[in-house]
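Enquirer: I have a structure here, written as structure tokens, and I will follow up with some questions on it.
The values are calculated or read from the model by the stated rules, or taken from the named source; none is laboratory data. As the structure is a prediction and not an experimental result, all values here were calculated from the model. Here Cβ is always computed from backbone atoms with ideal geometry, including for glycine, and neighbour counts include all displayed protein chains. Quick note on the areas: whole protein, heavy atoms, side chains included, nothing else; ligands and nucleic acids left out. Shrake-Rupley method; radii C 1.70, N 1.55, O 1.52, S 1.80 Å.
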Amino acid sequence: PVSGQVQDLKFFDANTGLVAMWQPYLILRTTNGGYNWYTALNNQGTYELDVIDTNTVYARGTNWNGYGLLFRSYNRGATWDSLPVANSVTVNGISFINKDTGWVGGTANALPYLWRTTNAGVSWTVQSDNTGFGKVFFLKTKVNGEYVGWSIEESIAMYKTTNSGQNWFQVTNIGSASMLYFADENTGW
């Protein structure tokens, strides 16, 4: 229904999908494989979608004051609520392992931060104040009893955690990335 800049595109199945747009600030939704689209979220800048299960999806974005927000839907993107990320100025990356537990990378006080939630974004805990500026990705299954994840700080550094985000160590930098995905603890794109 509109022309603009697509930031992300995700589908739940062959029929139901979402498009996150910037200029205009929208999330569009289809339920017939993309033949028709309607506005599911209006006047909110959204940049990345993270489909969690058959019903749950999160989107990262900003509010009009420039603060980081997380948007959440439990009905395949039909309706949305917004959740502020504690003390964030930006939210640059999101990765959820289930509908309750996830990480967001962003900035606060001009520093990179990584926050974790275990209650679907109601409250946030700082896990790092030197990683998290850019994209974030966590495997959805545990390795040796812990979640493994990665974070890119633009073109400066890439970090990895093998203990659910408690500690991070620097790995080979790949430069600036617009997407980050790993199939297992060793293979990624």
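Enquirer: What is the percent carbon and sulfur in the accessible area of the stretch 1-100, measuring with a 1.4 Å probe over the protein chains and ignoring ligands?
Expert: Answer for the stretch 1-100 is 48 percent, counting heavy atoms of protein chains only.
Enquirer: When you count, for each residue, the other Cβ atoms within 10 Å and take the mean per peptide, how do 17-30, 34-47 rank with the highest first? Please list the in-between numbers first.
Expert: On the way: 17-30: 20.5, 34-47: 15.8.
My ranking of the peptides, most packed first, is 17-30, 34-47.
Enquirer: Given H placed 1.01 Å from N in the peptide plane, which residues other than close sequence neighbours of ASN173 have an amide H under 5 Å from its amide H?
Expert: For ASN173, whose amide H was placed from the backbone, the distant partners under 5 Å are MET158.
Enquirer: Long-range amide H contacts for PHE182: which residues qualify at under 5 Å (H placed 1.01 Å from N, peptide plane, sequence gap of 5 or more or a different chain)?
Expert: Under 5 Å from the amide H of PHE182: TRP189.
Enquirer: Give me the percent relative contact order of the chain, please, defined on Cα pairs under 8 angstrom at least 6 residues apart. Don't jump to the answer; show the numbers that get you there.
Expert: Working: 520 pairs, mean separation 19.9, N = 189.
Computed value for the chain: 11 percent relative contact order.
Enquirer: Among residues other than LYS160 whose Cβ falls under 14 Å from its Cβ, what is the net charge (Lys/Arg +1, Asp/Glu -1)?
Expert: On the way: positive: LYS135; negative: GLU146, GLU153, ASP184, GLU185.
Neighbourhood net charge equals -3.
Enquirer: What spacing in nm lies between the two simple spin-label points modelled at ASP81 and TRP189, each 7 Å away from Cα in the Cβ direction?
Expert: So the label points at ASP81 and TRP189 sit 3.5 nm apart.
Enquirer: If you take the Cα atoms of the stretch 77-142, find Rg, then find the Kirkwood Rh from the mean of 1/r over all pairs, what is Rg/Rh? Could the numbers behind the result be given before it?
Expert: Numbers: Rg = 11.5 Å, Rh = 12.0 Å.
Rg divided by Rh gives 0.97.
Enquirer: Taking one equal scatterer on every alpha-carbon of the stretch 1-136, how large is log10 of I(q)/I(0) by Debye at q = 0.09, 0.10, 0.19, 0.21 1/Å?
Expert: Debye intensities relative to I(0), on a log10 scale: -0.24, -0.30, -1.01, -1.20.
Enquirer: What is the gain in length, in nm to one decimal, between VAL122 and GLU146 on full extension, counting 0.36 nm per residue of separation less the C-alpha to C-alpha distance?
Expert: Values: separation 24, 0.36 × 24 = 8.64 nm, distance 2.26 nm.
Result: 6.4 nm gained on full extension.
Enquirer: Note the direction-averaged projected area, equal to a quarter of the hull surface, for the Cα convex hull of the stretch 117-189, in nm². Spell out each step's value before the answer.
Expert: Details: hull surface 20.2 nm².
It is 5.0 nm².
Enquirer: OK, next. For the stretch 73-87, take each phi angle, set θ = phi - 60°, evaluate the Karplus expression 6.51 cos²θ - 1.76 cosθ + 1.60, and give the result in whole Hz per residue in order, putting x for glycine and proline.
Expert: So the J values, rounded to whole Hz, are 9, 9, 10, 6, x, 5, 9, 9, 10, 10, 10, x, 8, 3, 6.
Enquirer: Subtracting the Cα-Cα distance from 0.36 nm times the residue separation, let me have the gained length for SER176 to ALA14 in nm, one decimal. Working shown, then result.
Expert: Working: separation 162, 0.36 × 162 = 58.32 nm, distance 3.15 nm.
The SER176-ALA14 span can extend by a further 55.2 nm.
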